[in-house]
Amino acid sequence: MSATDPATIGIDVGGTSVRAALVDAGGRLRGPLTDVPRAGDLIGQLRTIRAELDGSTGSVAGIAVPGSIDPRSGRIGSAPTAPALVGLGEDDLDSSHLCNDANAALLAEWRHGAAAGVQNVIGLFSGTGVGGGVIVDGSLLVGARGLGGELGHLVLDPAGPVCGCGGNGCLEQFASGTAIARWYAERTGNQRSTAEVARAARAGDAAAAQAFAVAGGWLGVGAAGLANIFNPEMIVVGGGVAAAWDLVEAAFGQAVRVHTMPMIRDGLQVRVGELGRAAGVIGAAAAARHGTTP
C-alpha cells in the first residue's frame, strides 16, 4: 500500500452478510473481498471489520447500508433489514462515511465500471428486492430525505402484491429474484431459490424460463418509465438477477423498446454492471474518497 495512495475501506451491509475490502483510487480491490454472515451485534461487527482492515494506516472508510441516509442530519433514517443501524451517524461508526447500498453500487459502476464517463445514468439492481439510483448531470440524486432513487418502489400495478414498503404493486414485487421464485412456486408448486430456478431454466424447464422472462419484462417496463422521466444516456442493470442476464435480456430489451419514448430511446444504452458482488464495496469506498459528485 503506497503512502501516497492509501487504500480506502469499503464495507457493504447486505441482508444476510457483510462484504468488505480495501479499495484503491482506481476502484481495484487491494486484497480479498471478504463475505461473512451478519452477526447479531451488527454494530460491533462493523467496527471489528473496519479495525481489521485499517491496521495502523488510518484509512478512510465507507459503509453502504440497506437504508436511507438523511442528508440533513447525516444519520440513517430507515433500514428495514438492519434496524439496529437506524439513527446512527458517522461518529457512531468510527467516522465512517455512510451511503445507501444501491447508490453505492451505482457510484461504483459510474466511477469504475460500466457507466464510467457517462453523466446521466439509471442503475437498477435486482436481487432480493430491487434497488436503484439515478445520476443526473454528473450528480447523484439524493432527495429531500435521502430517499431519491428508490426505484424498486415505482408502482406498476396499484392492485398488485403487497410490498414491504406498505404499498401495492411496486416494481420489486414483479422484477426481483424473490418475485421470480414466487412466480415459479405459484405455477409449479415447487419452492426453489432464484439460483435454482435459473439452473432449471437453462436445463430446459419452460416454467422456469418463463419466470425470468416475466420478471425481465416488468423490469424493462419500469426501466422505460424511468427513462422517460430522467432521459439517461445509459441504464445499468446489476444485482443477482443480472447474473441471469441471458434469461431476462430479450424480454427486458423488448419492453424498453416498446415503452420508451422514441426520442429518449434513440442512443439509450443498456449495460450489465461490470463489478458484480464487489460493486457495493467499491462504491462505498468511492463515496468515502470522492463524495457523490465528480
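Taking every DSSP beta bridge that has both ends in the chain, the antiparallel portion is near 60%.
Within the stretch 117-273, what percent of beta bridges assigned by DSSP are antiparallel, to the nearest 5?
The answer is about 55 percent antiparallel.
Is the stretch 117-273 best put as rounded, prolate or oblate by its Cα gyration tensor, with a ≥ b ≥ c the root eigenvalues, rounded for a/c under 1.5, and otherwise prolate when a/b is larger than b/c, oblate when not? Since a/c reaches 1.5 and a/b is larger than b/c, the shape of the stretch 117-273 is classed as prolate. Would you be so kind as to identify all helices of the chain, as entire DSSP H runs, whose Cα atoms reach 24 Å or more along the helix's own axis and whose mean Kyte-Doolittle hydropathy is at least -0.5? Sorted by number, the helices that extend far enough and score high enough are 206-230. Using C-alpha pairs below 8 Å separated by at least 6 residues, the relative contact order for the stretch 86-201 is 15 percent. I'd like the distance separating the alpha-carbon centroids of the stretch 153-219 and the stretch 13-84, in whole Å. Comparing the Cα centres of the stretch 153-219 and the stretch 13-84, I get a distance of 29 Å. Computed on the chain, with alpha-carbon pairs under 8 angstrom and 6+ residues apart, the relative contact order is 22 percent.
Mind running the shape call on the chain? Use the C-alpha gyration tensor, a ≥ b ≥ c as the square roots of the eigenvalues: rounded below 1.5 for a/c, prolate if a/b tops b/c, oblate otherwise. The shape class here is prolate. If the segment from N228 to D266 were pulled out straight at 0.36 nm per residue, it would be longer than the present Cα-Cα gap by 12.5 nm. Each Cα pair under 8 Å and six or more residues apart adds its separation to the average, and for the stretch 1-124 the resulting relative contact order is 21 percent.
Entry note, the chain: the mean residue ellipticity at 222 nm calculated from DSSP H runs of n ≥ 4, each adding -39500 (n - 2.57), is -11000 deg cm²/dmol after division by the residues and rounding to the nearest 500.
Sorting 158-170, 112-124 by average packing, meaning the other beta carbons within 10 Å per residue, from highest down gives 112-124, 158-170.
Here, each number is a calculation from the coordinates, and none is a lab measurement. Remember, it's a predicted structure, so these values are computed and weren't measured experimentally. Note that each Cβ is placed from the backbone with ideal geometry, even for glycine, and that neighbours are counted across all protein chains shown.
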